[in-house]
Amino acid sequence: VASPAVAKLQKDGLDPEFIAKFLPTLRALRGYTRLKVDGLENIPKTGAAILAANHTGWLGLDYALTALVVLDEAQRTPRGMVHEAWFLTPATAQFAAKMGLSRVSKEAMAKQVREDHLVMVFPEGEHGAFRASSNYEVLEFARGFVRVAMQTGAPVVPVAILGGEESNPVDKTIQSYEQLLKLPLIIPANLIPKPVKWRIRFLPALEFDAFEPEDADDAKRVHAIARDVQQRIQKALRDLQKERGNPYL
């Protein structure tokens, strides 16, 4: 259970001036990764939406680069759903809150959606980011984002992110630390991101305005939709791999 101090920090919200301090570094990193982006027209200009992406690489550049693109190209600041480990100490909780990050949960996601924000979630969870190279085989998606979309009517924009597995690979994980840290301890293969080419593709949105809130209780239907989003992202990743060619050249 979070301390009262940490709980208060989580309510303080995003700090645009704090984020602005990191933008020069992130924009330099965008150049370093030779990032190419397409599908920007699929990001809603106004109103809420859930950006559901594959998780790639241990360093979190998948979120950082995608959030930067949304900020620079769509002039919107997304809110991220992240692992509870960010909120175990007041210092990390304060940093997360200022960056617009919330402890991942259906309640937190729904709150941001009802405030008309773009919400970014990685339905693979830490298992997607904290694993050795998989050649971009997307793991089964958790289904909370689908239930929130059904309950709120917010569209879901699938996002395919290519680059993290080569840029920030994991050598191995030590599962025995999971109980202490609330996630596995990783041993990264490198600390400085490798100079590979990144790609981000925003896919056409899936609309949920025809659903009723009670549809979120239909487990079979929810599972099928989550699987559909997962498969769309998987196909986009395969297309991006072919289009990118050699990760380094």
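The values are calculated or read from the model by the stated rules, or taken from the named source; none is laboratory data. Not measured: the values here are computed from a predicted model. Virtual Cβ from ideal backbone geometry, glycine too; neighbours counted across all protein chains shown. All accessible areas refer to the heavy atoms of the entire protein, side chains included, with ligands and DNA or RNA removed. Shrake-Rupley method; radii C 1.70, N 1.55, O 1.52, S 1.80 Å.
Only one of the listed residues (Leu61, Leu51, Leu29, Leu65) is open to solvent by 20 Å² or more (accessible area, probe 1.4 Å) and touching a helix residue (DSSP H, G or I) at 6+ places or on another chain (Cβ under 8 Å). That residue is Leu29. Just one of (1) over 20 Å from Leu240 (Cα atoms); (2) open to solvent by 20 Å² or more (accessible area, probe 1.4 Å) fails for Arg34. It is (1).
Screening the stretch 96-211 for strands (runs of 3 or more DSSP E) wholly inside it with 2 or more residues that are within 14 Å of Ala52 (Cα to Cα) and modelled with pLDDT of 85 or more returns the ranges 118-121, 156-162, 199-202. With the condition kept exactly as written, say whether any residue in the stretch 1-15 is closer than 30 Å to Glu207 by Cβ and either at pLDDT below 95 or exposed (fewer than 13 other Cβ atoms within 10 Å of the Cβ) (or both). Checked against the condition, which is being closer than 30 Å to Glu207 by Cβ and either at pLDDT below 95 or exposed (fewer than 13 other Cβ atoms within 10 Å of the Cβ) (or both), the stretch 1-15 yields at least one hit.
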